[in-house]
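Visitor: Questions regarding the structure given below will be posed in turn.
The values are calculated or read from the model by the stated rules, or taken from the named source; none is laboratory data. As the structure is a prediction and not an experimental result, all values here were calculated from the model. When we count neighbours, we look across all protein chains shown, and the Cβ atoms used for this are built from the backbone with ideal geometry, even at glycine.
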Amino acid sequence: MASPQPLAASSSDAALIAAWQAGDERAATELVRRHGRALARFLAGGGAREADVDDLVQETFIRAFRAVGKFRGQCQFRTWLLTIGGNVLKDAGRRAARDRVVPLDDALRDRDGDPHEQAVEIAAALGTSAGAARVHYHHAVRRLKEHLE
């Protein structure tokens, strides 16, 4: 009598998803094994730093497994997974931009400089326009005054 084939060799992605939903953790492990490297290449190709790729892969699979009930099979599982990975990468980029620390150096501490030139320098450091930098500055000063009152 032939022994059953291993899960990896005999199951389609759809069968693995159904097995995972039924509680078979081996199915989830197999989905990660099948698609993890492709997902890592996709994220690295999309601009993820090498040091962040493993964390982004993990976050993608966590989101995918939480939302696996929404997978309708209208596309390949890998396509769906890479779409989630793209969203994870965008979210990470937004967090990095929001959390970016711009060091204060002597040039920024110089209050006697040309305000327009300072706005241009700040805008370059923040990756925005000089006008937007001035608006952010004025909003920040207003919020600080409101907070201190």
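Visitor: Pairs please, first residue from region 120-149 and closer than 20 Å to ARG100 by Cβ, second anywhere and surrounded by fewer than 13 Cβ atoms within 10 Å (Cβ to Cβ), Cβ atoms under 6 Å, 6+ apart in sequence or on different chains.
Guide: ALA125/VAL102
For (1) within 21 Å of the chain's Cα centre (by Cα); (2) modelled with pLDDT of 95 or more; (3) outside the structural domain of ASP13 (by TED's automatic domain parsing), each residue gets a yes or a no:
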{"position": "ALA64", "(1), (2), (3)": "yes, no, no"}
{"position": "GLN76", "(1), (2), (3)": "no, no, no"}
{"position": "LEU81", "(1), (2), (3)": "yes, yes, no"}
{"position": "GLY93", "(1), (2), (3)": "yes, no, no"}
{"position": "ALA124", "(1), (2), (3)": "no, no, yes"}
{"position": "VAL141", "(1), (2), (3)": "no, no, yes"}
{"position": "LEU144", "(1), (2), (3)": "no, no, yes"}
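Visitor: A further question on this structure: State yes or no: is ALA28 under 30 Å from GLY127 (Cβ atoms) and either modelled with pLDDT of 95 or more or surrounded by 11 or more Cβ atoms within 10 Å (Cβ to Cβ) (or both)? Talk me through it step by step, then tell me what you get.
Guide: Numbers: under 30 Å from GLY127 (Cβ atoms): no; either modelled with pLDDT of 95 or more or surrounded by 11 or more Cβ atoms within 10 Å (Cβ to Cβ) (or both): yes.
It is false that ALA28 is under 30 Å from GLY127 (Cβ atoms) and either modelled with pLDDT of 95 or more or surrounded by 11 or more Cβ atoms within 10 Å (Cβ to Cβ) (or both).
Visitor: Can you tell me which residue in region 74-103 is surrounded by the fewest Cβ atoms within 10 Å (Cβ to Cβ), limited to those that are free of Cβ contacts under 8 Å to residues at least 60 places away in the same chain and of a type in the set (Lys, Arg)?
Guide: Out of the qualifying residues, it is ARG98.
Visitor: Assuming ARG37 fulfils every condition listed in (1) closer than 18 Å to GLY86 by Cα; (2) modelled with pLDDT under 95 apart from one, which condition is it?
Guide: Unmet for ARG37, out of (1) closer than 18 Å to GLY86 by Cα; (2) modelled with pLDDT under 95: (2).
Visitor: Does ARG98 qualify as being at pLDDT below 85, of a type in the set (Lys, Arg) and over 24 Å from the mean Cα position of the chain (by Cα)? Even if it seems obvious, please write down each step before you answer.
Guide: Numbers: at pLDDT below 85: yes; of a type in the set (Lys, Arg): yes; over 24 Å from the mean Cα position of the chain (by Cα): no.
Answer is no for this residue.
Visitor: Take region 129-149 and flag every residue that is out of contact with any helix residue (DSSP H, G or I) (no Cβ under 9 Å at 6 or more places or on another chain), part of a helix (DSSP H, G or I) and not small (Gly, Ala, Ser).
Guide: The answer is VAL135, HIS138, HIS139, VAL141, ARG142, ARG143, LEU144, LYS145, GLU146, HIS147, LEU148.
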